[in-house]
Amino acid sequence: MLEGPDLVTAALDASVEFEAIYVDPTRTTNESLAELEALAAAKGVRVFALAPGVLERVADAATPQPVLAAVRLPLVDVAAIPCRGLVLVLDGVRDPGNAGTLIRSADAAGASGVVFTGHSVDPFNPKTLRASAGSIFHVPVAQDTLSTVLSSFVSRGATTFATVVRGGVSHRLVDFAKPTVVVIGNEADGLDDASIAMCDGAITIEMAGASESLNAGVAGSLIAFEALWQREDTSSTPPTPSL
């Protein structure tokens with residue numbers, strides 16, 4: 001279920017498979033409703049008007065927006081995600097805001113895919129979808145066990161890294177120009193020892209202040225954009241700070 005005109009429009013632009021769109025005409029302007037109906041018609045998607053009060057009873061948000069849509073968002077198989085650039089693995093990431101942020105950052109930084117493992121939040125949780133701001137339509141998303149995911153990418157030539165608060169190599173010293181898988185752990189506990197041991201190495205984002213750790217969404221985003229910067233850099237001079 002997609003909520004809000006921005007997310008619904010992004011899905012229409014991405015040619016996602018729709019069941020239908022539902023609107024509360026009493027809460028939309030005639031102009032915005034006409035634009036949405038025209039775009040939906042061009043994609044062959046049905047639009048239904050709901051009676052006042054119905055949308056509030058079926059939407060996830062406490063104060064829902066006046067547009068909903070039911071869509072089919074298939075998960076891809078891990079083997080279908082290209083083994084190139086960066087792949088983010090979310091292992092036990094339970095906060096939908098963090099998960100959506102990581103999908104959005106992966107999209108913006110040109111990552112090859114995002115994989116959910118362990119007891120992570122449902123990638124299609126309404127709050128995750130909203131936090132992804134439409135990026136879920138542009139980045140391959142998969143679900144599997146951590147061991148299966150790592151084995152799949154290692155067999156295709158990737159190097160795997162666990163993220164740890166301290167003790168790992170600086171993320172700026174990792175060669176992200178090569179196929180790389182980075183595992184982001186649970187917001188409260190991080191990755192357990194067994195999960196860290198599955199990876200080829202561990203990376204740490206160096207910090208100067210007194211903060212114990214970074215938010216999972218922020219940490220993964222910093223890594224994603226470091227990888228982007230390295231892939232795009234063609235100079236022969238020493239690297240400068242990426243942020």
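Identify, please: which residue in the range 23-33 is in a helix (DSSP H, G or I) and more than 31 Å from the chain's Cα centre (by Cα) and is, among those, nearest to ALA49 (Cα to Cα)?
The selected residue is PRO25.
Entry remark, the range 191-214: residues being out of contact with any Gly (no Cβ under 9 Å at 6 or more places or on another chain) and of a type outside the set (A, V, I, L, M, F, W, C) number 6 in total. Going by what's in this entry, would VAL71 be described as of a type outside the set (Gly, Ala, Ser) and within 20 Å of THR128 (Cα to Cα)? Yes, satisfied.
Give me the residue from the range 60-93 that is surrounded by fewer than 23 Cβ atoms within 10 Å (Cβ to Cβ) and in contact with a Ser or Thr (Cβ under 8 Å, 6 or more places away or on another chain) and, out of that set, farthest from ILE223 (Cα to Cα). The selected residue is PRO66.
Every condition in (1) more than 26 Å from GLU56 (Cα to Cα); (2) in a helix (DSSP H, G or I) is met by GLY110 except one, and the failing one is (2). Scan the range 1-40 residue by residue and report those that are surrounded by 18 or more Cβ atoms within 10 Å (Cβ to Cβ), in contact (Cβ under 8 Å) with a residue 40 or more places away in the chain and touching a strand residue (DSSP E or B) at 6+ places or on another chain (Cβ under 7 Å). Selection gives LEU2, GLU3, GLY4, PRO5, VAL8, ALA11, VAL16, PHE18, ILE21, TYR22, VAL23. Candidates in the range 142-156 are the residues that are in contact with a helix residue (DSSP H, G or I) (Cβ under 7 Å, 6 or more places away or on another chain) and outside any helix (DSSP H, G or I); of these, the one that is nearest to LEU191 (Cα to Cα) is ASP144.
Cβ-Cβ contacts under 6 Å between residues 6 or more apart (or on different chains), taken from a first residue in the range 41-60 that is within 18 Å of VAL16 (Cα to Cα) and assigned by TED's automatic domain parsing to the domain that holds VAL23 to a second residue that is modelled with pLDDT of 90 or more and assigned to a helix (DSSP H, G or I), are listed as LYS43/LEU12; VAL47/ALA40. Taking the numbered list (1) crowded, with 18+ Cβ neighbours inside 10 Å; (2) closer than 25 Å to ASP6 by Cβ in turn, ILE203 passes all entries but (2). Would you say ALA162 is closer than 30 Å to ASP13 by Cα, at pLDDT 95 or above and either part of a strand (DSSP E or B) or assigned by TED's automatic domain parsing to the domain that holds ARG84 (or both)? Criteria not met by ALA162. The set of residues in the range 144-200 being among the aliphatic types (A, V, I, L, M), within 24 Å of VAL218 (Cβ to Cβ) and free of Cβ contacts under 8 Å to residues at least 12 places away in the same chain consists of LEU173, ALA188. GLN143 passes every criterion in (1) crowded, with 22+ Cβ neighbours inside 10 Å; (2) over 9 Å from the mean Cα position of the chain (by Cα) apart from (1). Close Cβ contacts (under 8 Å, 6 or more residues apart or on different chains) running from residues in the range 62-82 that are over 20 Å from SER155 (Cβ atoms) to residues that are basic (Lys, Arg) comprise PRO66/ARG27. Those residues that are closer than 11 Å to ILE203 by Cβ and at pLDDT 95 or above, I need them from the range 171-189; list them, please. Result: THR180, VAL182, VAL183, ILE184.
The values are calculated or read from the model by the stated rules, or taken from the named source; none is laboratory data. Since the model is a prediction, treat every value here as computed from it, not as a measurement. No Cβ is skipped: glycine too gets one built from the backbone with ideal geometry, and neighbour counts run over all protein chains shown.
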